[in-house]
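Where a number appears in this text, it was derived from the coordinates with a stated rule and is not lab data. The structure presented is a predicted model; accordingly, all values stated were derived computationally and were not measured. All Cβ positions, even for glycine, are placed from backbone atoms using ideal geometry, and neighbour counts span all protein chains on display.
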Amino acid sequence: MEKFVIRGGKPLVGEVTISGAKNAAVAILPATILAADKCVIENLPCISDVAASVDILTAMGASVRVIDKHTLEVDTTHVTQTSVPDALSRAMRASYYFLGALLGRFGKATVAMPGGCNLGPRPIDQHLKAFSTLGAKDSVEYGMISVEADKLRGGEVFFDTVSVGATINAMLAAVMADGLTVLENVAKEPHIVDVANFLNTMGADVRGAGTDVIKIRGVRSMHGGTYSIIPDQIEAGTYMVAATITGGNILIKNVIPKHLEPITSKLEKAGATIEEFDDAVRVYRTVDIEPLNIKTMPHPGFPTDMQPLMTVLLTRARGTSIVTEGIWENRFRYVDELVHMGANIQVDGRVAVIEGVPELFPAPMRAPDLRAGAALILAALAAKGTSEVDDISHVERGYEDIVEKLRGVGADIRRVGKPEHALPQAL
Ligand code: EPU
């Protein structure tokens, strides 16, 4: 098994370039099915979740040509399969986007039922509510969920919970449904807007993405085109915290500063100085880390995917912080690892109370999930001495070249052991 060996304790200084957004990429790749044509997707992050999406597309009958490390041409003209093979759909949680995309093009789809995950239960009732409003029936057999409609017709969906996945899946299913679909109480994350922009580039008529109401007028067909994915706001936030916790100075390039505002405002309160440029931010810290209260919320609230990273930062604050997880039931599983490093954190349900300590000590650690894995790497970088982070395949689902990027800003980090999952050569 592979692990990272990290010698921490020095400020990270230099430049890093942010990759394309994972959570946009894993929706846009399935959405190419709707085009039934050639789509060139640029700025794809080179991560294992993208590789898993490509494997599914290929299994469904799409031809995928690698143009360069971050650009693929996906030709979905000859997709005929509507059932995603079980093993492939279980390789990645976001495979549920194939439900919406296949339903939208063929009127039917089968994908493995997403089980619970490391963050807690992962229901898809809101996805199914939207499909049902559009006229689809669903059934579950042997752990696979199927949806099918004679004809998809537009309708009004009021989501009971603000859900990124359900909002995107509803858009995918509705773009070629007959008539008008109105989605209310939708998610507003930057990647929702990115998926809507992609769909519009391919001929759809989606309006209002980024607000609480999205209106979709069904079109008869869509077509191919070229689209560039937005930068990953959570990857950017990760390097912003890396600069802050180590007292370093990092120029973070290829970002949209507006998308980072919820993160920027908290980091500034914690003592970071942040300079914004057109497509970059510089982050540094010259004063002590101040304690904060944070509650994670749907966008434009503070993103849940940054929660473990901020908790790590606050272990070093001069005072008491409270971090409340507003989205997932079980997102503090990494805290035990931080306690082994000398952090003082009490968790009660969805609330963590963090008493800042002057120092973290190195320790062997295990990444329980993607963002917590990245957070533990930052904790190790802040601790003087050598730490190890195991189970790094979680981290590689979502962070492109994390070792190389951290080394580029002066981190002493190396990967040891045999890879568990080889990344395909181009991705
Ligand atoms: N929910 C329901 N019913 C549904 C759907 C969601 O009750 O039908 C609940 C969930 O249980 C959760 C909340 O609604 O409590 C929000 O879930 P959402 O559907 O928004 O999450 P998701 O689409 O499954 C995406 C990201 C996650 C990120 C969340 C929240 C992808 C592939 N994943 O998940 O990202 O935490 O939105 O922003 O886009 C990550 O990147 O590390 C990650 C976990």
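What the table below lists for this structure:
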quantity	calculated
Nearby lysines by direct alpha-carbon distance to Lys38 (threshold 19 angstrom, same-chain neighbours under 8 apart not counted)	Lys69
Kirkwood-Stokes translational diffusion coefficient of region 4-73, alpha-carbon pairs, 20 °C, 1.002 mPa s, µm²/s	155 µm²/s
Residues His259, His340, sorted so that the one with the fewest Cβ neighbours within 10 Å comes first	His340, His259
Nearest-20 debye value, the chain charge dipole, Cβ charges on Lys, Arg, Asp, Glu	80 debye
Cβ-based net charge around Asp205, under 15 Å, with every Lys or Arg adding one and every Asp or Glu removing one	+3
The chain: DSSP helices with Cα axial extent of at least 27 Å and average Kyte-Doolittle hydropathy no lower than -1.0	none
Point-to-point label distance, Phe158-Val339, nm (Cα→Cβ direction, 7 Å offset)	4.3 nm
Against the rule of thumb 2.2 N^0.38 Å, how large the Cα Rg of the chain comes out	0.97
Segment Glu404-Thr273, length gained on full extension (0.36 nm per residue, minus Cα span)	44.7 nm
Candidate lysines - alpha carbon under 16 Å from Lys295, same-chain residues fewer than 8 apart omitted	Lys266, Lys269
FRET efficiency, 1/(1 + (r/R0)^6) with R0 22 Å, evaluated for Lys258 and Val13 via beta carbons	0.30
Cys46, Cys39 arranged by Cβ crowding within 10 Å, fewest neighbours leading	Cys46, Cys39
Candidates Ala177, Ala196, Ala149: whichever shows maximal mean-square fluctuation once the chain is modelled as a Gaussian network with Cα springs under 10 Å	Ala149
Cut-off 11 Å between beta-carbons: net charge of the residues surrounding Asp369, Lys and Arg +1, Asp and Glu -1	+4
Within region 5-35: backbone nitrogen closer than 19 Å to the Phe361 label point (7 Å, Cα to C-beta)	6-10
Under 12 Å, Cβ to Cβ, from Gly218 - net charge with Lys/Arg +1 and Asp/Glu -1	+3
Proximal aspartates and glutamates to Lys108, defined as alpha-carbon separation beneath 12 angstrom and excluding residues fewer than eight positions away on the same chain	Asp138, Glu148, Asp150
Cα gyration tensor, region 22-216 - rounded (a/c under 1.5), prolate or oblate	rounded
